[in-house]
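So the structure is just underneath, and the comments pick up after that.
The values are calculated or read from the model by the stated rules, or taken from the named source; none is laboratory data. These figures come from a predicted structure and were not determined experimentally. Positions of Cβ are generated from backbone atoms using ideal geometry, with glycine treated the same way; all protein chains shown enter the neighbour counts.
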Amino acid sequence: MNPNLKSAIIEFLANEFQVNSDTLIPDTSFTLDLNLSLQATLDLLQRLQDALNFTLPEDKISGINTISDIFSALEPEIPNPDET
């Protein structure tokens, strides 16, 4: 996946939660670590998609629990420009 998009996702989340981006690791859980409800997580994912102009696959959204899950869901959708 495009490393610039990964960085943009991390920066967006850091701004949303008002934390240093270094504290957000791929295994950061939206529910366990950031104390979001399922609905709040879905709302966050929608804001993220709107802000960064991408679309997560519908069939993957319900399985997104961590930052890494976002990256995994986008991997087949947005290839790394170095690999094209």
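Some notes on this structure:
- Where a residue in region 5-25 is within 17 Å of residue 52 (Cα to Cα) and its partner, wherever it lies, is in a loop (DSSP other than H, G, I, E, B) and among the acidic types (Asp, Glu), with Cβ under 7 Å and at least six apart: none
- Among (1) more than 11 Å from the chain's Cα centre (by Cα); (2) modelled with pLDDT of 95 or more, the one test that residue 78 misses: (2)
- The requirement of being within 18 Å of residue 61 (Cα to Cα), modelled with pLDDT of 95 or more, surrounded by fewer than 16 Cβ atoms within 10 Å (Cβ to Cβ) and of a type outside the set (S, T, N, Q) is satisfied by residue 40.
- Residues of region 5-36 satisfying the condition of being part of a loop (DSSP other than H, G, I, E, B), surrounded by fewer than 16 Cβ atoms within 10 Å (Cβ to Cβ) and hydrophobic (A, V, I, L, M, F, W, C): 19, 25, 32
- Any hit, region 53-70, residues being surrounded by 15 or more Cβ atoms within 10 Å (Cβ to Cβ), outside any loop (DSSP other than H, G, I, E, B) and touching a residue at least 60 places away in the same chain (Cβ under 8 Å): yes
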